[in-house]
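The values are calculated or read from the model by the stated rules, or taken from the named source; none is laboratory data. Not measured: the values here are computed from a predicted model. FYI the Cβ positions are ideal-geometry reconstructions off the backbone, even for glycines, and counts take in every protein chain you see.
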Amino acid sequence: MRLMAFDYGTKRIGIAVSDSLQIIATALETVHPEEIWNFLQNYLQQEQVETFVVGKPMRLDGSPSQSAQHVVGFMRKLKKTYPSIPVVEVDERFTSKIASQAIAKSGLKKNKRQDKSLVDTISATLILQTYMESKAF
């Protein structure tokens, strides 16, 4: 079964998944928040997901960031819509910055580097990788 991670934003949600052995995290898609429920319904008809991993937006001091309330609402609906799939949170403090740096160093053309949806999917991949590494120990 796969793991699925979300980098939730009010404009875009980056999504990443693991392979079925839960070894490798891969960027999957970026969707608009209004489209997430249809996307999940279609995806879950084809693949089994063991756990949802949601990035928890935090300030440097460890307190919730401004966008945390939106993430809480998203998590509530995830739990209500898919009660059999556990939802866990992972601190996402530096994922967007790390994702932006990785993209900058990637050698992609400028217009691709400025694609914010790419940052979101890479951030979701980093969130998932963090969770997978924490589970391994």
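Scanning segment 80-94 for residues being outside any strand (DSSP E or B), touching a Ser or Thr at 6+ places or on another chain (Cβ under 8 Å), free of Cβ contacts under 8 Å to residues at least 60 places away in the same chain and not β-branched (Val, Ile, Thr) gives a total of 1.
State whether the residues of segment 25-45 include one that is surrounded by fewer than 18 Cβ atoms within 10 Å (Cβ to Cβ), under 13 Å from GLN129 (Cα atoms) and either at pLDDT 95 or above or touching a strand residue (DSSP E or B) at 6+ places or on another chain (Cβ under 9 Å) (or both). Scanning segment 25-45 turns up at least one residue that is surrounded by fewer than 18 Cβ atoms within 10 Å (Cβ to Cβ), under 13 Å from GLN129 (Cα atoms) and either at pLDDT 95 or above or touching a strand residue (DSSP E or B) at 6+ places or on another chain (Cβ under 9 Å) (or both). Remark: pairs (first residue in segment 38-57, farther than 17 Å from ALA25 by Cα; second residue in a helix (DSSP H, G or I) and modelled with pLDDT under 95; Cβ separation under 7 Å; 6+ apart in sequence or on different chains) = LYS56/VAL71; PRO57/ALA68; PRO57/VAL71.
So that you can scan it fast, the table gives a plain yes or no per residue for (1) in a helix (DSSP H, G or I); (2) over 15 Å from the mean Cα position of the chain (by Cα); (3) within 22 Å of SER134 (Cβ to Cβ); (4) at pLDDT 90 or above:
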{"residue": "GLN69", "(1), (2), (3), (4)": "yes, yes, no, no"}
{"residue": "PHE74", "(1), (2), (3), (4)": "yes, no, yes, yes"}
{"residue": "LEU78", "(1), (2), (3), (4)": "yes, no, yes, yes"}
{"residue": "ILE98", "(1), (2), (3), (4)": "yes, no, yes, no"}
{"residue": "LYS112", "(1), (2), (3), (4)": "yes, yes, no, no"}
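Scoring LEU60 on the criteria (1) at pLDDT 90 or above; (2) loosely packed, with under 14 Cβ neighbours inside 10 Å leaves a single failure, condition (1).
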